[in-house]
Amino acid sequence: MAPLPGEKLKTILLVVLVLTSLVMTYLVWYGMPPYEETEVVFQESFFFEEPKEKVETIKPEQILIPVEEEQKVILNQQQEKYEQIWTEIKPLLEENLSEEEQVGSDQLPEDDACLMVEFDPPFPIEIEHIPYLAGLNQLMRLEFYFASETFIRLEGEEEFQYELPEDDFVELQEMVADFEDSDLPRYELLELEADNDENEDIEDLDLDLDIEDPEEIELEIIQDIYLPVEEVEMYNYIDLMREDLALEELLQAVFVNHKLARQIEEPDGTLIFTDGEKGLRVSKYLEYTAPKLEGSAATHSYDGAIQEANEFLCYYGGWPDGLYLDAISRTDETGIPGGEGYFNARWRYYHQGYPVVGNLGETEVKFNDRGLYFYQRTLFAPGDSTGEKKNISWNKKVLSRALEFYVEQNIEEYINEDNESAESFHLEDIYLAYHLEDFIENNLARAYPVWVVEIEGEVIYLDVSELNPFWRGEEDEYIES
Amino acid sequence: MNISKAKNVLILAFLVLNIILAYQLLAPGLSGLSAGVTPEEVQRMEEKLEDNNFELASSLPHRPQNSSFITVKPPARTPAKLKEAFFAGEDVHTINLEDKTVLEAGEQELNIWPGGHYRYSYQNDVSGGEDVPLDAGEAVSKAEEFLAEKGLFHNNMRKGQIHRVDEKTYKITFYQEFMESPIFTSYKRIVVSRDRVTEMESYWLQVKGMEERRKMEVIPAATAVIRLLEEKSPEAEQREITDIELGFFSQEYDAEKWEIPPVWRIIVSDEEVYYVNAFIGNIENDDIQE
C-alpha cells in the first residue's frame with residue numbers, strides 16, 4: 001500500500017531534521033576550539049626590512065690624514081671623501097687577512113701613518129675562522145703606511161701588523177696624496193698648558209668662576225681631541241624633513257596583534273598606542289616602551305649586541321640612509337645572568353660631516369636579554385634646504401664657558417671637600433654639530449650649529465654665536481625659553 | 001504506537017533539538033565558532049584558587065562573549081555649567097588654583113579639575129540630624145533625587161556597588177552603561193549621610209561609540225581569574241572573589257579622546273577591585289579600594 005502524501009512529507013521533514021541536527025551537533029562539538037587554539041590574539045608578524053650586513057652596521061668615527069706637521073685633515077660621515085675612502089678600505093675588513101702576511105711591529109716604517117681610521121664604537125671583525133685574531137674582535141684603529149710596500153696596523157685589545165702588496169692600494173694612496181693640496185680644513189690636537197703629565201693647568205682658560213680657589217681646578221683630557229686650526233664652514237641652519245612613517249605597519253611590527261592596541265589622542269595631536277604592556281608614542285619623535293621587560297641582565301657579546309640593535313632598528317621602522325650607529329655600550333657592570341643591565345645603542349644623522357644632535361634628533365634603543373624595552377626614533381632627517389654658510393672658528397672661550405657652566409651647575413659637588421674628583425674634571429670631547437631645536441611645522445624641523453663639549457659624562461651644547469650653554473636633556477626648557 | 005505517531009514525536013524531538021543547537025550557534029552575543037570556558041580552564045582556575053588560598057564566592061560567567069574597544073572623550077561639563085547645576089541662584093565664590101577651580105557657596109564646595117573630574121561636598125556637620133538608621137534603599141533614593149534635582153541624572157546610568165560606611169551613611173556608585181555593559185571608568189559616586197547627600201564625585205565620559213570592525217572574542221572569566229592570581233602572591237588567610245563582571249575600564253587620561261578596552265572586573269572580599277584586560281589578560285590597575 002502506497003503511503004499517504006502527508007506521511008511522505010513527514011518522512012522527508014524528519015530526514016531533514018535529523019541531518020541538520022547532525023550537522024549542527026558537529027559544528028557545536030568540533031567547531032568550538034579550545035580558547036588556547038583560537039586565533040584571536042596572534043597575527044602574522046611584520047618587519048620593515050632585513051637587518052644590515054654586519055660590515056654595514058659600523059662605519060669609522062673619523063678618518064684622519066696627516067698633511068702638515070701636527071695637522072690633519074679629518075673626514076666624517078656624509079662627506080664625499082669619507083665615503084670614497086671607506087669604500088676602498090671596507091673590503092680589507094671583510095676578507096680574511098692571511099697569517100703569512102703578518103709582520104712584527106718593528107717592521108713598520110718609522111714615519112707616522114699616512115692614513116688613520118678610527119672606530120668608535122669599535123668595528124666588529126669577523127673572527128670565526130681566524131682565531132688568532134681574537135684580540136681584534138673590536139677594532140678601534142686602523143693605520144696605513146705607504147712605503148715600498150703597504151703596511152697596515154690594526155689596533156683592538158691587541159695589535160697586529162701586516163705587509164700587503166702595494167698594488168692593492170694604489171687608488172687609496174692617490175686619494176691620500178691629494179689631500180696635501182686640498183682646501184679641506186686642518187685640525188690639530190687640543191693641548192692646554194700642562195703642569196704635570198696628567199692634569200692640564202687651565203689658567204689660560206681665564207675662567208670666571210664664583211668659587212674659592214678656582215685655580216685648584218684641574219682638567220684632564222682623556223682622549224685625543226682635534227679642533228679646527230682655521231675657520232670651518234657650517235650653515236646657519238639645516239632643515240630636517242619628517243620621515244613618512246608607515247604607522248599601520250609599525251603597529252603591526254610592534255604589537256602581537258595591533259587590533260588589541262588602544263589609541264589615545266592627546267590635545268597636541270600626539271598619538272599613543274598601548275596594549276597595557278607596551279606603548280608606542282608618535283609625536284615629534286617615535287617612542288616605544290615595554291617597562292615589563294626592564295630589570296634583566298644583558299649578556300650579549302659585543303657582536304651579538306650590535307646584531308640585536310641592528311635587528312631592532314631594521315624591524316621597527318628601518319635603517320634609513322645617512323643614519324649612523326654612533327655609540328653602543330653595556331650600561332652597568334653586570335653582564336652576567338641574574339644581574340641587571342642593558343645595552344644602549346644610539347644612531348645619529350650627519351650633514352656634511354657634522355652630526356645632528358639633541359634629544360629629539362637622535363635614535364636610541366635599550367635592550368637586555370628579555371628584549372627591546374625602550375626605543376626612541378627621530379623622525380627628522382637632513383634634507384637639502386639650508387641657511388647661509390657661516391664661518392666658525394675654535395676659541396678657548398668655548399671650553400671656558402662650558403667649564404664655567406659645568407662648575408656652576410655642580411657647585412654643591414664642587415664645595416664638598418670629601419669628593420676629591422670634583423676638582424679634577426675629565427674632558428672627553430669637543431666637536432661641532434647641528435642641534436635640532438625648532439619644529440617649524442608638522443613636517444619640518446630645523447637644526448642650528450653648536451659646539452658640543454663633553455665633561456665628566458655630561459653633554460653641554462653651546463650655540464656658536466653667543467656661546468650660551470645648555471645641557472643635553474634640558475633642551476626643551478632651553479628651546480621654550 | 002503507529003508509525004505516523006512515532007514520526008510526529010521524532011519530528012517534535014528533533015525540532016526542539018535543532019532549535020537548541022541553532023541557538024548555541026547563532027544567538028546574538030555568541031559567536032558560533034567561539035570558545036567558551038573549557039572544563040580544563042575551570043579546573044586550572046580551581047587549582048590556582050586553591051594554591052593562592054582563594055575561594056570563588058560568585059557565579060562565573062560562562063557564556064562566551066564578543067566585545068571591542070569603545071572610544072571616549074573627556075567629560076563635557078564646563079565649570080560654568082556645573083556652577084549652574086549645583087548653585088543656581090546662590091552666591092558663589094570662585095577660586096582659581098593652579099590645578100583646579102574651587103566654587104564655594106555657603107557650606108557647599110565644588111572642586112573642578114581640568115580633565116572633567118569634579119567633587120562636590122557639603123561641609124556642614126550632619127551629625128545633629130535625625131537619628132534614624134538609614135537603609136540602602138533610602139540612600140539610593142536620596143542619591144537619585146539629588147542627581148535629578150541637579151540635572152545630572154542620565155538614562156544610561158546603572159547602579160553599581162552600595163557600600164555601607166556606618167549605620168547612617170552609604171556610599172553608592174553609579175556607572176555609565178554602554179551596550180548593557182558598565183564603563184567602570186565613568187562613574188558618579190555619592191555619599192548619603194542621614195538625610196542628605198554630603199559628597200559626590202563624578203567622572204562621566206562622553207562615549208563616541210564602539211569599534212565594530214575590531215570586535216572579537218574576550219577571554220573567559222576563568223582565564224581572567226587565573227591571570228589575576230598569577231600576579232598576586234598567595235594569601236595567608238583565605239579570601240573570596242566576590243564578584244566578576246564584564247565591562248570597560250582604562251585609566252583617566254589628559255587626552256582629546258581615547259579607546260577603552262573590555263575588562264573583567266574582579267572584586268576581592270568586597271573591597272579590592274581589579275580590572276583584567278578581557279583581550280590579553282593583563283591587569284589594568286594596581287588594586288583599587290572602592
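The values are calculated or read from the model by the stated rules, or taken from the named source; none is laboratory data. None of these values were measured; they are calculated from a predicted model. In this analysis, Cβ positions are derived from the backbone assuming ideal geometry, glycine residues included, and neighbour counts consider all displayed protein chains. What goes into the accessible areas is simple: the full protein's heavy atoms, side chains included, and nothing from ligands, DNA or RNA. Shrake-Rupley method; radii C 1.70, N 1.55, O 1.52, S 1.80 Å.
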### Query
Is there a residue in region A:84-98 that is modelled with pLDDT of 90 or more, within 18 Å of A:ASP183 (Cα to Cα) and either surrounded by 13 or more Cβ atoms within 10 Å (Cβ to Cβ) or out of contact with any helix residue (DSSP H, G or I) (no Cβ under 6 Å at 6 or more places or on another chain) (or both)?
yes
### Summary
Note on A:SER148: of the conditions (1) hydroxyl-bearing (Ser, Thr, Tyr); (2) under 25 Å from A:GLU53 (Cα atoms); (3) open to solvent by 30 Å² or more (accessible area, probe 1.4 Å), unmet is (2)
### Message
Out of everything in region B:33-54 that is within 14 Å of another protein chain (Cβ to nearest Cβ) and open to solvent by 60 Å² or more (accessible area, probe 1.4 Å), what residue ends up being modelled with the lowest pLDDT?
### Response
B:LEU33
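Which one of these is within 14 Å of another protein chain (Cβ to nearest Cβ) and hydrophobic (A, V, I, L, M, F, W, C): A:PHE343, A:PHE312, A:PHE273?
A:PHE273
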### Task
Test A:ASP120 against the stated conditions and say whether it is open to solvent by 10 Å² or more (accessible area, probe 1.4 Å) and modelled with pLDDT of 90 or more.
yes
### Query
How many of the residues making up region B:87-102 are part of a loop (DSSP other than H, G, I, E, B), open to solvent by less than 50 Å² (accessible area, probe 1.4 Å) and within 18 Å of B:LYS150 (Cβ to Cβ)?
1
### Task
Taking only region A:63-83 into account, find how many residues are at pLDDT 90 or above, in a strand (DSSP E or B) and not aliphatic (A, V, I, L, M).
3
### Query
When region B:218-249 is examined, which residues are found to be small (Gly, Ala, Ser) and modelled with pLDDT of 90 or more?
B:ALA221, B:ALA222, B:ALA224, B:GLY247
### Task
Filter region B:144-172 down to residues that are farther than 15 Å from B:GLU201 by Cα and acidic (Asp, Glu) and give me whichever is surrounded by the most Cβ atoms within 10 Å (Cβ to Cβ).
B:GLU145
### Task
Scan region B:221-233 and report the pairs whose first residue is polar (S, T, N, Q) and whose second residue is at pLDDT below 90 and open to solvent by 50 Å² or more (accessible area, probe 1.4 Å), with Cβ atoms within less than 9 Å and a gap of 6+ or a chain change.
B:THR223/B:ARG44
### Task
Six or more apart or on different chains, Cβ under 7 Å: which pairs go from a residue in region A:361-390 that's more than 27 Å from A:TYR235 (Cα to Cα) to one that's in a loop (DSSP other than H, G, I, E, B) and β-branched (Val, Ile, Thr)? Could you list them?
A:ASP369/A:THR299
#### Entry: Verdict on A:GLU388 being modelled with pLDDT of 90 or more, closer than 27 Å to A:GLU188 by Cα and of a type in the set (D, E, K, R)
yes
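Residue-wise test of (1) closer than 14 Å to B:ASN285 by Cα; (2) open to solvent by less than 30 Å² (accessible area, probe 1.4 Å); (3) not in a strand (DSSP E or B).
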| position | (1), (2), (3) |
| --- | --- |
| B:GLU237 | no, no, yes |
| B:ILE244 | no, yes, no |
| B:VAL263 | yes, yes, no |
| B:ILE267 | yes, yes, no |
| B:VAL273 | yes, yes, no |
### Query
So which strands (runs of 3 or more DSSP E) are wholly in region B:152-234 and hold at least 3 residues that are over 30 Å from B:ALA139 (Cα atoms)?
B:206-210
### Message
When you check B:SER250 against the structure, is it polar (S, T, N, Q), away from chain A (no Cβ under 14 Å) and assigned to a loop (DSSP other than H, G, I, E, B), yes or no?
### Response
no
### Message
Of the residues A:GLY317, A:GLY279, only one is surrounded by 16 or more Cβ atoms within 10 Å (Cβ to Cβ) and in contact with a Ser or Thr (Cβ under 6 Å, 6 or more places away or on another chain); which?
### Response
A:GLY279
### Query
Hey, does region B:213-228 have a residue that's open to solvent by 40 Å² or more (accessible area, probe 1.4 Å) and either away from chain A (no Cβ under 12 Å) or within 21 Å of B:HIS117 (Cα to Cα) (or both)?
no
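On the basis of being in contact (Cβ under 8 Å) with a residue 60 or more places away in the chain, over 26 Å from A:TYR431 (Cα atoms) and within 24 Å of the chain's Cα centre (by Cα), does A:GLU94 make the cut? Show your work before the answer.
On the way: in contact (Cβ under 8 Å) with a residue 60 or more places away in the chain: no; over 26 Å from A:TYR431 (Cα atoms): yes; within 24 Å of the chain's Cα centre (by Cα): yes.
In short, no.
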### Task
Kindly list, by first and then second residue, each pair from a residue in region A:106-125 that is closer than 18 Å to A:ILE328 by Cα to a residue that is acidic (Asp, Glu) and part of a loop (DSSP other than H, G, I, E, B), limited to pairs with Cβ atoms under 7 Å and residues at least 6 apart or on different chains.
A:GLU118/A:GLU61; A:PHE119/A:GLU61; A:ASP120/A:GLU61
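How many of the residues making up region B:48-86 are within 30 Å of B:LEU103 (Cβ to Cβ) and part of a loop (DSSP other than H, G, I, E, B)?
We begin by selecting, within region B:48-86, every residue within 30 Å of B:LEU103 (Cβ to Cβ); these are B:72-86.
With the extra rule that they be part of a loop (DSSP other than H, G, I, E, B), the set shrinks to B:74-78.
Qualifying residue count for the region: 5.
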